[in-house]
Amino acid sequence: MTRISLTVDGARVADDVEPRMLLVQYLRERLGKTGTVIGCDTSNCGACTVHLDGESVKSCNVLAVQADGCEVTTIEGLAQDGQLHPVQEAFRECHGLQCGFCTPGMVMQSVALLKENPQPSEEEIRLGLEGNLCRCTGYHNIVRAVQHAAGAGSTSTSDTGAEQGVTA
Ligand code: FES
Ligand code: FES
């Protein structure tokens, strides 16, 4: 077992974990953060995307021990004070989901994309989301949602939308 301590969605946690435990397993099984889902377990689908020190990562591709000392944000940490993050709001507004399974990863990747490129073209959005697979929507409304969020000014360097005062 290895001792790790990290911050997850704003809360400090410390735990003993097996060195082989994946970050996604740690989040789901130890912390109950089941909003982060597992679609493939082989780094293909992006459903497990979270932010690690502000960078989007596929949490099935990161060991829990690699997150030691880091700040992790999951889909459960985006909304603040009962207010959806503007990107979450945009997905809701534009119907950027059907079954919703890919949505946590799509939203987390979209937040990271907009942080890097606040006004992406459609092509840049599609490129930025190419590591995230959706089996339902054909991507059209997902791209629209990201465009909508960009138009609403979802360009904060923060993971959380609270300080932006923006609603879609
Ligand atoms: S579950 Fe991590 S990429 Fe699919
Ligand atoms: S909305 Fe069903 S997998 Fe994307």
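Numerical summary
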quantity: Contacts under 9 angstrom Cβ, first residue in the stretch 88-116 being at negative phi, partner assigned to a helix (DSSP H, G or I) and hydroxyl-bearing (S, T, Y), 6 or more apart; calculated: Q88/T103; A90/S110; F91/T103; F91/S110; G96/T103; G96/S110; L97/T103
quantity: Check on C102, assigned by TED's automatic domain parsing to the domain that holds R144 and either in contact with a strand residue (DSSP E or B) (Cβ under 8 Å, 6 or more places away or on another chain) or within 23 Å of L133 (Cα to Cα) (or both); calculated: yes
quantity: Conditions (1) more than 14 Å from ligand 2 (Cβ to nearest atom); (2) surrounded by 23 or more Cβ atoms within 10 Å (Cβ to Cβ); number of the one not met by E76; calculated: (2)
quantity: R126 basic (K, R) and in a helix (DSSP H, G or I); calculated: yes
quantity: Some residue of the stretch 37-58 being within 16 Å of ligand 2 (Cβ to nearest atom), of a type in the set (D, E, K, R) and either at pLDDT below 95 or farther than 23 Å from T137 by Cβ (or both); calculated: yes
quantity: Per-region count, the stretch 88-106, residues in a helix (DSSP H, G or I), of a type in the set (A, V, I, L, M) and either more than 16 Å from ligand 1 (Cβ to nearest atom) or over 15 Å from L127 (Cα atoms) (or both); calculated: 1
quantity: Positions within the stretch 5-19 being surrounded by 12 or more Cβ atoms within 10 Å (Cβ to Cβ) and over 22 Å from L78 (Cβ atoms), in sequence order; calculated: S5, D15, V17, E18
quantity: Output for the stretch 8-52, where each listed residue is away from ligand 1 (no atom under 14 Å from the Cβ), without any contact (Cβ under 8 Å) to a residue 60 or more places away in the chain, in a strand (DSSP E or B) and of a type outside the set (G, A, S); calculated: R12, V13, D15, D16, V17
quantity: Number of the condition not met by G138 [criteria: (1) at pLDDT below 95; (2) within 22 Å of N61 (Cβ to Cβ)]; calculated: (2)
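The values are calculated or read from the model by the stated rules, or taken from the named source; none is laboratory data. Fair warning: this is a prediction, and the values are worked out from it, not measured in the lab. Reconstructed Cβ throughout: ideal geometry from the backbone, glycine too, with neighbour counts over all protein chains shown.
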